[in-house]
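Notes to accompany the following structure.
The values are calculated or read from the model by the stated rules, or taken from the named source; none is laboratory data. As the structure is a computational prediction, the values presented were derived from the model and not from experiment. Neighbour counts run over all protein chains shown; Cβ positions are idealised from the backbone, glycine included. To get the accessible areas, we keep the full protein, side chains included, count just its heavy atoms, and leave off ligands, DNA and RNA. Shrake-Rupley method; radii C 1.70, N 1.55, O 1.52, S 1.80 Å.
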Amino acid sequence: MLQCTAVTPAPLDEVLVAIATLDGGLHDPPPDPALDHYLLCEVGEHDSRTEHAALLRPSETPSRPALWFFWTGAGPDRVHRIGPVPWCPAVLRLLDTGSVLQCSFFDRHTASHSWDVTDPLGDLLAGGSVSDEEPKGRTQP
């Protein structure tokens, strides 16, 4: 499944407040907001009724929720919300290598898990260094 291609401008003031007030506060400064003022939906392709989602900041520890930006619509019709959401509990066990990957999306996402989503643009920008055979996900601690 291909990654969703929806993009939206980030409301920088709301994003910075959400990051600063995330449980645990700021331990290191957020990236320069001038560089990341657009957000790309990270989940697999989905219908127009499903919210788009972009990870704003991972949690300090894998067991804590991450900060996500969700939106629907575009332009003046766009509706968004920002909040901490637990990680998806799904795991992929690769028996031949012994690897265990955890889905890198939020809990209860509707599209495929992260290891089933391909990002052709990201692969192209990486110079083809990402193989179609390498599943993507968070490594389980």
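Counting just the residues of region 105-118 that are surrounded by fewer than 20 Cβ atoms within 10 Å (Cβ to Cβ) and within 18 Å of Phe69 (Cβ to Cβ), which one comes out modelled with the lowest pLDDT? Let's see the steps before the verdict.
Here is the first cut: in region 105-118, the ones surrounded by fewer than 20 Cβ atoms within 10 Å (Cβ to Cβ) are 107-108, 110, 112, 115-116, 118.
After this cut, where a residue has to be within 18 Å of Phe69 (Cβ to Cβ) as well, the list is 107-108, 110.
Numbers: Asp107: 94, Arg108: 92, Thr110: 86.
Once the filter is applied, the top-ranked residue is Thr110.
From the list Val91, Val130, exactly one residue is surrounded by 14 or more Cβ atoms within 10 Å (Cβ to Cβ), modelled with pLDDT under 90 and among the β-branched types (Val, Ile, Thr). Which is it? Don't jump to the end; show me each part of the working.
On the way: Val91 fails: modelled with pLDDT under 90.
One residue alone meets the criteria, Val130.
Within region 1-31, track down each residue that is open to solvent by less than 30 Å² (accessible area, probe 1.4 Å) and either part of a loop (DSSP other than H, G, I, E, B) or at pLDDT below 90 (or both).
Cys4, Ala6, Ala10, Pro11, Val15, Ala18, Ile19, Leu22, Gly25, listed by residue number.
Quick check on region 69-84: of everything there that is touching a Lys or Arg at 6+ places or on another chain (Cβ under 9 Å) and under 20 Å from Glu45 (Cα atoms), which residue is most open to solvent (accessible area, probe 1.4 Å)? Step through it out loud before you land on a result.
First, pick out the residues of region 69-84 that are touching a Lys or Arg at 6+ places or on another chain (Cβ under 9 Å): 69-72, 84.
If we keep only those that are under 20 Å from Glu45 (Cα atoms) too, we end up with 69-72.
Values: Phe69: 0, Phe70: 4, Trp71: 4, Thr72: 40 Å².
Ranking the qualifying residues of region 69-84, first place goes to Thr72.
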